[in-house]
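Asks: Questions regarding the structure given below will be posed in turn.
The values are calculated or read from the model by the stated rules, or taken from the named source; none is laboratory data. Remember, predicted model here, so these are calculated numbers, not experimental data. Note: ideal-geometry Cβ built from the backbone for every residue, glycine included; neighbour counts use all protein chains shown. To get the accessible areas, we keep the full protein, side chains included, count just its heavy atoms, and leave off ligands, DNA and RNA. Shrake-Rupley method; radii C 1.70, N 1.55, O 1.52, S 1.80 Å.
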Amino acid sequence: MMDADSSRPPLPDVMSDVMSMDVDSSRPPTPDVMSDVTSTDASTSTRDADVVADASTSIPDADVVTPQVVTHTYQTDATALDNPERGWYSRKDVVIDRDFTTAARVVHSYVRLDSYKAGTDIAATDPMATGMQAGLQRLREQGRKTILRFAYNYGDWTGSGCSNADATEATITKHLTQLRPLLQPYRDIVMALEAGFIGCWGEWHSSWYQGDQEIPPKTAIVRGLVDAFTWPHDTALDPDPAWQSLLYAPQIAIRYPSLVRAVTAQLTQAEQARVGHHNDCFLASTDDSGTWGRGPQPLSIADDKAYVSALGRNHVVGGETCAYPGRVTCNTALAELAALHFTYLNGDYHPDVVQAFKSGGCFDEIGRRLGYRLWIKTADFPDSATAGSTFQFRFVVQNDGFAAPLYDRPVYVVFDAGSGQPRKVALPGVAPTSWQPGETTVSVPFTIPSDLTSGQYRFALWLPDKTVDLQPRAEYAIRFANAITGTFSWDAAKGYNVLQPALLISQ
């Protein structure tokens, strides 16, 4: 086949961030926009927490650390982790499929709008609408998230164009408005959207109504996508005032880098922050079947890749392969996936490419490294402390993945006595989206709850989903890629990364 958070920083300036693609480089340079990155939910990270950490205190440097602070060292291993919002995806049809238990944690689905392309209204009682909602409900029940792409045809490619129509700008705009309330109840499991709607496969080429290089209608449609797929916090579900400003705002991926540049040049910074890229012919040829070096205002292939490399540090990048042999080798795949910061890739298509990855020995490594792969290298904290005191806490997190986490989520430390309700302390200002590939040091002293009773506690880091329905579910929490040892363990029932099994608290 040929083929999101509104507070994220704006797209990089391509003319200042363009660089040459160096497949031997493990990390591209950081765009200037990174200096402005803050925690998406820093102002709202107190929900369900017993205490909010005081982040104003600086942890001492290593050479002046008080004797009671201990450096705990941890190891990683090669275990494949089923973490949320990243990885190989499975393609299913959420309108008709109901069993996703054998699918990957990320499920990609086309939603076909063929019968609506002439301008017919989408009604909430239509089989397409009720089927889509039933499928999304099953996805949530079975612990998955989805990438959706709406399309008015499935290609119908003739070799020179699409033999089937898509829809006019007016029809697309109307349908976006009608789809918004249908998706709102399932906004917590919409990981991302591929821009869709336009052209063959919703892939933004060969449209009957929007020429490949016509930017104004595409800009209007992207604005419509941003508006339609931004949902407010539901106060009926969670009345906590600390979370009233929370928005559900998935990233939107556009097929061609040239169109990402052209469209986002017309958008506000808030709108730009929502736009990433998907390459649906990854490794297919020198230009990946027209992905790179494409008009309008084409850049060189190297400059296009440099643009996406900078983009991918803070925006969604993903896609699929489409042809073999092309440029398909494990060395090339691993180098470009890292340089372009891929978060997701089709694990089913193209089957010859997938088989080549398996035969070449890199399929499992790609699966481990798509998106983020986080593990704790060291953590500095005392093994005993007094309730109500300031707890010095610093940890070094290593990201061996291709990208940072796509969305910020609350980060808590947990004191778990094994009985009763675990006590959680929110760490405001700790932003997992800033944990880029490589090493990051996080220093967050906090106050231990003053009413903790004397005894031994498991001391853990907890990174749950930010949404009210999914936060209690351990499968939606981030698990660190640490080896299970006498010190570190993973609580699969609660979603805790246990850093110390027996921390002594006294009154």
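Asks: For segment 145-161, which positions are open to solvent by 30 Å² or more (accessible area, probe 1.4 Å) and part of a loop (DSSP other than H, G, I, E, B)?
Replies: Tyr154, Asp156, Thr158, Gly159, Ser160
Asks: For Thr441, all conditions in the list (1) part of a strand (DSSP E or B); (2) over 29 Å from Gly318 (Cα atoms); (3) not hydrophobic (A, V, I, L, M, F, W, C) hold save one; what is the number of the exception?
Replies: Tallying (1) part of a strand (DSSP E or B); (2) over 29 Å from Gly318 (Cα atoms); (3) not hydrophobic (A, V, I, L, M, F, W, C), Thr441 fails exactly one: (2).
Asks: Would you check if there is a residue in segment 231-252 being open to solvent by 30 Å² or more (accessible area, probe 1.4 Å), within 30 Å of Val354 (Cβ to Cβ), modelled with pLDDT under 95 and out of contact with any Cys (no Cβ under 8 Å at 6 or more places or on another chain)?
Replies: no
Asks: Moving on. Can you go through Val260, Val275 and tell me which one is buried (at least 18 other Cβ atoms within 10 Å of the Cβ), within 16 Å of Arg223 (Cβ to Cβ), under 17 Å from the mean Cα position of the chain (by Cα) and not small (Gly, Ala, Ser)?
Replies: Val275
Asks: Assess whether Ser289 counts as being under 20 Å from Asp352 (Cβ atoms), modelled with pLDDT of 95 or more, of a type in the set (Ser, Thr, Tyr) and open to solvent by 10 Å² or more (accessible area, probe 1.4 Å).
Replies: Against the criterion (under 20 Å from Asp352 (Cβ atoms), modelled with pLDDT of 95 or more, of a type in the set (Ser, Thr, Tyr) and open to solvent by 10 Å² or more (accessible area, probe 1.4 Å)), Ser289 qualifies.
Asks: Now a separate question. Mind listing whichever residues of segment 424-461 are of a type in the set (Phe, Trp, Tyr), farther than 21 Å from Arg373 by Cβ and open to solvent by less than 10 Å² (accessible area, probe 1.4 Å)?
Replies: Phe446, Phe459, listed by residue number.
Asks: Return a yes/no flag: does segment 325-332 have any residue that is small (Gly, Ala, Ser), part of a loop (DSSP other than H, G, I, E, B), farther than 23 Å from Arg86 by Cα and modelled with pLDDT of 95 or more.
Replies: The initial filter retains those residues of segment 325-332 that are small (Gly, Ala, Ser), namely 326.
Narrowing further to those that are part of a loop (DSSP other than H, G, I, E, B): 326.
Those left that are additionally farther than 23 Å from Arg86 by Cα: 326.
Restricting the remaining residues to those that are modelled with pLDDT of 95 or more gives 326.
There is at least one residue in segment 325-332 that is small (Gly, Ala, Ser), part of a loop (DSSP other than H, G, I, E, B), farther than 23 Å from Arg86 by Cα and modelled with pLDDT of 95 or more.
Each row is one residue, and each column tells you yes or no for (1) in a strand (DSSP E or B); (2) open to solvent by less than 10 Å² (accessible area, probe 1.4 Å).
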{"site": "Gln355", "(1), (2)": "no, no"}
{"site": "Trp375", "(1), (2)": "yes, no"}
{"site": "Ala385", "(1), (2)": "yes, no"}
{"site": "Ala403", "(1), (2)": "no, yes"}
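Asks: Sticking with this structure for a sec: Would you pick out the residues in segment 104-121 that are aliphatic (A, V, I, L, M) and open to solvent by less than 10 Å² (accessible area, probe 1.4 Å)?
Replies: Start the filter on segment 104-121 by keeping residues that are aliphatic (A, V, I, L, M), which leaves 104, 106-107, 111, 113, 118.
Those that are aliphatic (A, V, I, L, M) and open to solvent by less than 10 Å² (accessible area, probe 1.4 Å): Val106, Val107, Val111, Leu113.
Asks: OK, next. Report every pair of residues separated by at least 6 positions or lying on different chains whose Cβ atoms are under 7 Å apart, first residue within segment 349-361 and of a type in the set (Gly, Ala, Ser), second outside any helix (DSSP H, G or I).
Replies: Close Cβ pairs satisfying both conditions: Ala356/Tyr324; Ala356/Val328; Gly360/Thr329.
Asks: Continuing with this model, one more query. Within segment 82-100, track down each residue that is charged (D, E, K, R) and part of a strand (DSSP E or B).
Replies: Arg91
Asks: For the subset of segment 122-136 comprising residues that are touching a helix residue (DSSP H, G or I) at 6+ places or on another chain (Cβ under 8 Å) and crowded, with 21+ Cβ neighbours inside 10 Å, which member is nearest to Leu179 (Cα to Cα)? Spell out the reasoning first.
Replies: Of all residues in segment 122-136, those touching a helix residue (DSSP H, G or I) at 6+ places or on another chain (Cβ under 8 Å) come to 122-124, 128-129, 132-133, 136.
Add one more test, that the residue is crowded, with 21+ Cβ neighbours inside 10 Å, and what stays is 132, 136.
Values: Met132: 11, Leu136: 14 Å.
It comes out as Met132.
Asks: Here's another thing I want to ask about it. Which condition does Asp166 not pass, out of (1) under 22 Å from Glu85 (Cα atoms); (2) open to solvent by less than 10 Å² (accessible area, probe 1.4 Å); (3) among the acidic types (Asp, Glu), if it passes all the others?
Replies: Condition not satisfied by Asp166: (1).
Asks: Kindly establish whether Gln421 is part of a loop (DSSP other than H, G, I, E, B) and surrounded by fewer than 23 Cβ atoms within 10 Å (Cβ to Cβ).
Replies: Yes, satisfied.
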